[in-house]
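A quick write-up on the structure given underneath.
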Amino acid sequence: MPTDRVLYLLGSAAPPVLALPPVIKQAQAAGWDVCLGLSPTAADWLADDLGALESLTGHPVRHRHRRPGQVDPWPPAAVALVAPATFNTINSWALGLTSSFIVGFAAEAIGKRIPLVTMPCVNSALASHPQFGRSVDVLRDAGVRVLLGDGGFIPNAPGQGQPGAFPWERALAVVRDT
Ligand SMILES: Cc1cc2nc3c(=O)[nH]c(=O)nc-3n(C[C@H](O)[C@H](O)[C@H](O)COP(=O)(O)O)c2cc1C
């Protein structure tokens, strides 16, 4: 598989991360070699599924930074999709707080000019927090395609989330066109 078809799918701890296999299969059917990264909390939620996700992608699932001297186990990315992206992940990314592997990768990828797409998953209360809008603006100004609002994720009222309605198809369509 040529590296120009490598998609890094980087998920944080919002409910759509619990149903990744159909998304991965859809991306693979579209020709992507998918490498899956998770935030530490998402990896904890999926602790019983990590082996199956590694079998599905054919790559280690990464959820912590490499140790010094450890070889990067993934082929280089053509594009990265950060989704679902929590309030915490979006704000950390915008503020450059790179304690998690996925945010560290995404932060550095801005400077490396790797195409970046993200689909937040936040309720309307979190979306109203003053930092959230600032973070979205920072990421957009840095060239990240943030799929929020029209043509992306529409924040739900607190407690009314519908993980099955997370618009993965839209995210994969934007990834395809990067
Ligand atoms: C059941 C459950 C559902 C959650 N859903 C969301 C969500 O949709 N969006 C969000 O921003 N945080 C959500 N959270 C909170 C995040 O999991 C929490 O802030 C976590 O620290 C995020 O860390 P991460 O960004 O490193 O994955 C949820 C937590 C739980 C327990």
Considering PRO60, PRO75, PRO84, which residue is part of a loop (DSSP other than H, G, I, E, B), under 22 Å from ALA171 (Cα atoms) and either touching a helix residue (DSSP H, G or I) at 6+ places or on another chain (Cβ under 9 Å) or within 12 Å of the ligand (Cβ to nearest atom) (or both)?
PRO75
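With respect to VAL34, is the statement that it is within 22 Å of VAL146 (Cα to Cα), touching a strand residue (DSSP E or B) at 6+ places or on another chain (Cβ under 9 Å) and free of Cβ contacts under 8 Å to residues at least 40 places away in the same chain true?
Judged against the criteria, VAL34 is a match.
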If only one of TRP45, TRP74 is in contact (Cβ under 8 Å) with a residue 24 or more places away in the chain, surrounded by fewer than 20 Cβ atoms within 10 Å (Cβ to Cβ) and in contact with a Pro (Cβ under 8 Å, 6 or more places away or on another chain), which one is it?
TRP74
Could you tell me whether the range 151-162 includes any residue that is touching a residue at least 24 places away in the same chain (Cβ under 8 Å), away from the ligand (no atom under 12 Å from the Cβ), surrounded by fewer than 19 Cβ atoms within 10 Å (Cβ to Cβ) and on the phi > 0 side of the Ramachandran plot?
no
Candidate set: the range 92-121, residues that are in contact (Cβ under 8 Å) with a residue 60 or more places away in the chain and either more than 10 Å from the ligand (Cβ to nearest atom) or of a type in the set (A, V, I, L, M, F, W, C) (or both); chosen: the one surrounded by the fewest Cβ atoms within 10 Å (Cβ to Cβ)
PRO115
Would you check if PRO16 is closer than 28 Å to ARG140 by Cβ, near the ligand (Cβ under 10 Å from one of its atoms), out of contact with any Ser or Thr (no Cβ under 9 Å at 6 or more places or on another chain) and in contact (Cβ under 8 Å) with a residue 24 or more places away in the chain?
yes
For the list (1) in contact with a Phe, Trp or Tyr (Cβ under 8 Å, 6 or more places away or on another chain); (2) in contact (Cβ under 8 Å) with a residue 40 or more places away in the chain, I need the number of the one condition that ARG64 fails.
(2)
Can LEU148 be described as in contact with a strand residue (DSSP E or B) (Cβ under 8 Å, 6 or more places away or on another chain) and within 13 Å of the ligand (Cβ to nearest atom)?
yes
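This table checks each residue for (1) within 16 Å of the ligand (Cβ to nearest atom); (2) at pLDDT below 95; (3) of a type outside the set (A, V, I, L, M).
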position	(1), (2), (3)
MET1	no, yes, no
PRO21	no, no, yes
ALA30	no, no, no
CYS35	no, no, yes
ALA42	yes, no, no
ALA52	no, no, no
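Quick one: which of THR98, THR178 is of a type in the set (S, T, N, Q) and at pLDDT 95 or above?
THR98
The values are calculated or read from the model by the stated rules, or taken from the named source; none is laboratory data. Note that the structure is a prediction, hence the values are computed from the model and not measured. Counting neighbours? That spans all protein chains shown, and the Cβs are built from the backbone with ideal geometry, glycine included.
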